[in-house]
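These notes concern the structure reproduced below.
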Amino acid sequence: MVVIAMNVNGSSRPLAQEVAHAYNVIFSTLTGILPEEVGEIWSHIRISVLVPALKVAIIICLIMSVMLIVEKLNMGAVSLFVKIFRRSPEKVYKWEPIREDEELGTSAYPMVLVQVPMFNEREVYKLSIRAVCNLVWPADRLIIQVLDDSTDLTIRDMVQKECERWVKKGMNIQYISRDNRNGYKAGAMKEAMLIDYVGQCDYVTIFDADFQPASDFLMRTVPFLMYNPQLALVQARWKFVNADECLMTRIQEMSLNYHFKIEQQSGSSTFAFFGFNGTAGVWRIKALNESEGWKERTTVEDMDLAVRVSLLGWKFVYVGDIKVKSELPSTYKAYRYQQHRWSCGPANLFKKVSFEILTAKKVSIVKKFYLIYNFFFSRRIISHNVTFFFYCVVIPLSVFFPEISIPTWGVVYIPTMITLLNCVGTPSSIHLTIFWILFENVMSWHRCKAVFIGLTEADRVNEWVVTEKLGDKFKGKAAINIKKFQTKFWERLYLSEIGIGLLLFICASYDYAFNSDHFFLYIFPLSISFFIMGFGYVGTFVSSGK
């Protein structure tokens, strides 16, 4: 028969006895309906299967947690060393301003290609085109390609006219469109690199449609490549123009600031390698050509290119002092699609590139280990799995098994250290730490799912949904115009989040009624977070008709 624990904490927890009574009524009803053999089978399965399986899961999750905290502490130590000893890129690599020569004239400046890939970017195309056309660089040494894969013919016409307007002002700007979207962004850039005039160029810089570089961007980045022939990439940092738009964008800012200030900084300082962010970076075209250029085998063509170039012995440098304005996704739907691509793509790439890394001849064994274990396995596989399975599955389920205990260091100390390390990138938002934890735990469900899709190459492995951008659409308008619910109720529902939220609520209420471990203090808020996001009450809300 089903046995229910009777350790009710009614004396110290209001309503605990009522909750326990409700559980006992439910289970008593079930045991009264079901044959006695079912209870015996359940008891056998519980003792011989579920308890051992959960114990193994806890051990695996604790091991993954240790792996994750060691990785984060290592990256944090490197970044701290760089800051304390002021190991700026200008000190590590040769850098000096480009000096004009009266005899050489503008030919003292290398030829630079600027690519701006876009797809139906009605709200931001003017911002990005204006920004790249205002770059300080000799006009005769600069070629701008606007790679427009828009399927909306009206938007295509608008973008083309904007390019023509800048041509009249003396800019060498080429409008390029395709009649297909083969390879998505990577396909567009790959085809554009085959045009004859690209052969004149030494470097190529890429800006996504919502990125607005400062006018001195090229003057600050290109010298690194000019004076350091071993460098293939200069990556700048992202600065978010809409970070204060809503709580969701504030939380994204915290995560991405950690990525740039810690992950990118440590990779650049230790192995002169990090994942290219796909935008706000300058490449040496020679390095691209040696690595066979852009490939469309995954949805993270930027990371793919970075790995292949690095395996040829090239070095990268991250320059955090150079910041490029960009936009964070402010709708939950857009953010979900973005995170699916950012999690699924690296897992799929890991599967495809591991053998290439192991057999590479121009990199050391230490760097191979770094790429496979630190860059891919720990950060792109382990981190997403431990966040979801440990904090959203194993800990909540453990409340039903009093014979199972989880050590305090695994439940409290390691998560606290990880949280503090992630918060150092954005000290001004440290008061949002609790919201960040809950939001990231909910998102771990989608990231974990995406990782398995990438590893198994399931149906959505090549899904590419362009992140929706708002640009200047709502500037000067009342915030309420953005945040109103203008969609039908059922169109905002996310059933997976609601389902997980319900299961967590059951776990939390059971723990509250029968146990003394206080896990419910964490599980209840997590459950509520899944409900809030499941019912669509997160981010900004824009009318589908725009």
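The values are calculated or read from the model by the stated rules, or taken from the named source; none is laboratory data. Computed from a prediction, not measured in an experiment: that's the story for all the values here. A quick note on method: Cβ atoms are made from the backbone with ideal geometry, for glycine too, and the neighbour counts reach across all protein chains shown. These area figures cover heavy atoms from the full protein model, side chains too; ligands, DNA and RNA do not enter into them. Shrake-Rupley method; radii C 1.70, N 1.55, O 1.52, S 1.80 Å.
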TODO: Working only within segment 146-172, note down all residues that are under 20 Å from Glu296 (Cα atoms) and buried (at least 18 other Cβ atoms within 10 Å of the Cβ).
DONE: Val146, Leu147, Asp148, Asp149, Ser150
Open item on the list: If I filter segment 1-50 down to residues being at pLDDT below 80 and touching a Gly at 6+ places or on another chain (Cβ under 8 Å), which single residue comes out as least open to solvent (accessible area, probe 1.4 Å)?
Closed with: Thr31
TODO: Using the structure shown, decide if Ala53 is out of contact with any His (no Cβ under 9 Å at 6 or more places or on another chain), without any contact (Cβ under 8 Å) to a residue 40 or more places away in the chain and either surrounded by 15 or more Cβ atoms within 10 Å (Cβ to Cβ) or under 27 Å from Ser383 (Cα atoms) (or both).
DONE: yes
Task: Qualifying positions in segment 270-284 - touching a strand residue (DSSP E or B) at 6+ places or on another chain (Cβ under 9 Å), open to solvent by 10 Å² or more (accessible area, probe 1.4 Å) and in contact (Cβ under 8 Å) with a residue 60 or more places away in the chain - done: Phe271, Arg284
TODO: Take segment 173-184 and flag every residue that is within 18 Å of Val114 (Cβ to Cβ) and open to solvent by 60 Å² or more (accessible area, probe 1.4 Å).
DONE: Gln174
- [ ] Take Leu113 and decide whether it is assigned to a loop (DSSP other than H, G, I, E, B) and over 25 Å from the mean Cα position of the chain (by Cα).
- [x] no
Open item on the list: Please go through (1) open to solvent by less than 10 Å² (accessible area, probe 1.4 Å); (2) over 26 Å from Trp436 (Cα atoms) for Gly267 and return the number of the only condition it doesn't satisfy.
Closed with: (2)
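Yes/no matrix, rows are residues, columns are (1) in contact with a strand residue (DSSP E or B) (Cβ under 6 Å, 6 or more places away or on another chain); (2) farther than 24 Å from Asn289 by Cβ; (3) not small (Gly, Ala, Ser):
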{"residue": "Ser150", "(1), (2), (3)": "no, yes, no"}
{"residue": "Ile155", "(1), (2), (3)": "no, yes, yes"}
{"residue": "Met158", "(1), (2), (3)": "no, yes, yes"}
{"residue": "Lys168", "(1), (2), (3)": "no, yes, yes"}
{"residue": "Tyr175", "(1), (2), (3)": "yes, yes, yes"}
{"residue": "Ala188", "(1), (2), (3)": "yes, no, no"}
- [ ] Among the residues of segment 285-321, write down those that are small (Gly, Ala, Ser), open to solvent by 10 Å² or more (accessible area, probe 1.4 Å) and under 21 Å from the mean Cα position of the chain (by Cα).
- [x] Gly320
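Residues are listed down the side, and each one gets a yes or a no for (1) over 30 Å from Leu432 (Cα atoms); (2) more than 25 Å from the chain's Cα centre (by Cα):
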{"site": "Cys201", "(1), (2)": "yes, yes"}
{"site": "Thr205", "(1), (2)": "yes, no"}
{"site": "Ala209", "(1), (2)": "no, no"}
{"site": "Leu218", "(1), (2)": "yes, yes"}
{"site": "Tyr227", "(1), (2)": "yes, yes"}
{"site": "Asn242", "(1), (2)": "no, no"}
{"site": "Leu247", "(1), (2)": "no, no"}
{"site": "Glu253", "(1), (2)": "no, no"}
{"site": "His259", "(1), (2)": "no, no"}
Task: Any chance Ile59 is closer than 26 Å to Ser405 by Cα, open to solvent by 70 Å² or more (accessible area, probe 1.4 Å) and modelled with pLDDT of 95 or more - done: yes
Open item on the list: Condition check: of a type in the set (Val, Ile, Thr), farther than 24 Å from Lys351 by Cα and open to solvent by less than 10 Å² (accessible area, probe 1.4 Å). Does Val324 satisfy that?
Closed with: yes
- [ ] Restricting attention to segment 80-121, report how many residues are crowded, with 19+ Cβ neighbours inside 10 Å and hydroxyl-bearing (Ser, Thr, Tyr).
- [x] 2
